[in-house]
2 protein chains.
Amino acid sequence: MKQEFSCGLSPIVGLRFSIHPMADHFIDIIKGALQEVDTTNVWMHSDDVSTVLRGKQVHVFDTAKAMILHASKTGAHVAFNGTFSIGCPGDSAGDVYLEKDDLVLNEPHIRELKQYVSSQFALYPMNNPDYMSVIYKEVDRAKERGVFNESMHYASGLHGDIHDVFSFLEESFTHARSDEHKHLVMTINMSINSPSHKGTI
Amino acid sequence: MKQEFSCGLSPIVGLRFSIHPMADHFIDIIKGALQEVDTTNVWMHSDDVSTVLRGKQVHVFDTAKAMILHASKTGAHVAFNGTFSIGCPGDSAGDVYLEKDDLVLNEPHIRELKQYVSSQFALYPMNNPDYMSVIYKEVDRAKERGVFNESMHYASGLHGDIHDVFSFLEESFTHARSDEHKHLVMTINMSINSPSHKGTI
């Protein structure tokens, strides 16, 4: 048994998210996006409030980005709210999806789609006395990657093309945890095609 | 200097939130709600992604609940996403709002408004080795208060009338922190007037 699986911990990554199109035909937009996304590599379950994806990190991020892009390419003003999580004690169900290979299924179909996003993210490294240093380091990383927008209470503002923002988020989610501090939560809120973004890029 | 203010910590409570009406006239719904809410007792700032409220706990919860109710009484399908926070190291700006008295300004105007909400909440007690026990205890509290809906990955489902759900959330936010572990984050997502709730209450 590999070390990552000890202590009831699993390397499975989860994302609980909602997509909110601010439009009367919100159901069509969400259903349309769902039809275009390839969810083969993740376990997925929806309820009346949100949807959860679970699987390998690479596939969870790939699927989430595709879902957002397929919803936002309709031109509708769309909000995305997500909580990424890994290493929650006792989290193991659905580990079968960890057997998938690393070939991303959505990226080839969305690579060329450009989309400006304004977003706010927060990191919660659990049970880590040094968590504020971890957070400051990741904010510095956002600045280095060119996606940092502004400092604010309870979050950090990120913006830019969705591919750059997602690259940073996945990189940050990888670095803000360690073998010693496995349980990490990252929240992200995105605003897309907002009337207040007209002319931004 | 009171103990609560030591170590750069402050008893100020913050909430970063967004309200997403799934309707073409989302701007009118949000602006209408903002006009009806009394925000005298909180510091408030909005950007292109979210709005932050800061002040005494009682006023932050009162203002947030009023904002949701005024938006949802339009009948629109509305999603609310919020992150409550207290005790973040270094958090002190805006402490002037802590001088307000405890008289809630919105509750008298919204008390009679009934509204079913389905929601999902998560607690992140920071730098607390015993955080999982804190979370389990609050889930038990939700069951005792009659607002627990279901267990799920990365959150717990709550539902019922918004007043009962908010009472529980404020009670839980109070009890999941301690003098030793002051930094607490609580996320909450609500779905209101969803087409899938028809006939729920």
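Couple of notes before you dig in:
- Taking B:M186, B:M132, B:M152 in turn, the Gaussian network model of chain B (Cα-Cα springs below 10 Å) assigns the largest fluctuation to B:M152.
- Debye log10 I(q)/I(0) for the stretch B:92-201, one point scatterer per Cα, at q = 0.13, 0.23 Å⁻¹: -0.59, -1.27
- Given charges at beta-carbon only (K, R positive; D, E negative), |dipole| of the stretch A:109-201 in Debye: 240 debye
- Shielding score for A:177-190, defined as the mean number of other chain Cβ atoms within 10 Å: 2
- With K and R counted +1 and D and E -1, the other residues having a Cβ less than 12 Å from that of A:A76 yield a net charge of -2.
- Each part reduced to its alpha carbon centroid, the stretch A:98-115 and the stretch A:126-151 end up 26 Å apart.
- Averaging the sequence gap over all C-alpha pairs within less than 8 Å and six or more residues apart, then dividing by the number of residues, gives chain A a relative contact order of 27 percent.
- Placing a label point 7 Å from the Cα of A:K137 along the Cα-to-Cβ direction, the residues of the stretch A:159-194 with a backbone N closer than 13 Å are A:172-182.
- Pairs of Cα atoms farther than 31 Å apart, chain B, %: 17 percent
- Dipole magnitude (debye, nearest 20) for the protein assembly as shown, charges at Cβ of Lys, Arg, Asp, Glu: 260 debye
- Remark: for residue pairs A:K65/B:K143; A:K182/B:K73; B:K143/B:K182; A:K65/B:K56; A:K114/A:K143, the C-alpha separation exceeds 31 Å in A:K65/B:K143; A:K182/B:K73; A:K65/B:K56.
- Check: the stretch B:1-133 dipole with +1 on Lys, Arg Cβ and -1 on Asp, Glu Cβ, in debye: 200 debye
- 15 Å reach of a label modelled at A:S167, 7 Å along Cα-to-Cβ, counting backbone N of the stretch A:128-149: A:141-148
- With label points defined 7 Å past Cα in the direction of Cβ, position B:T174 shows copy-to-copy spacings of 4.5 nm, given to one decimal and shortest first.
- For A:Q115, the amide hydrogen comes within under 5 Å of the amide hydrogens of A:I162, A:H163, counting only partners 5 or more places away or on other chains and with H modelled in the peptide plane.
- Hydrodynamic radius by Kirkwood, which averages 1/r over all alpha carbon pairs of the stretch B:56-135, in angstrom: 15.4 Å
- Once backbone amide H atoms are built at 1.01 Å from N, A:N149 has A:G157, A:L158, A:H159 as its partners under 5 Å, excluding neighbours fewer than 5 places away on the same chain.
- Dipole of chain A, positive end: most advanced residue of A:T39, A:S72, A:F84 [Cβ charges, Cα centre]: A:S72
- Binning all Cα-Cα separations of the protein assembly as shown at 20 Å, short to long from zero, yields these whole-percent fractions: 27, 62, 10.
- For the pair B:H175 and A:L34, a Förster radius of 25 Å applied to the C-beta separation gives a FRET efficiency near 0.05, rounded to the nearest 0.05.
The numbers here are math on the coordinates, done by the rules we state, and not lab data. None of the values given here were measured: they were computed from a predicted structure. With ideal geometry, Cβ positions are generated from the backbone for all residues, glycine too; neighbour counts draw on all protein chains shown.
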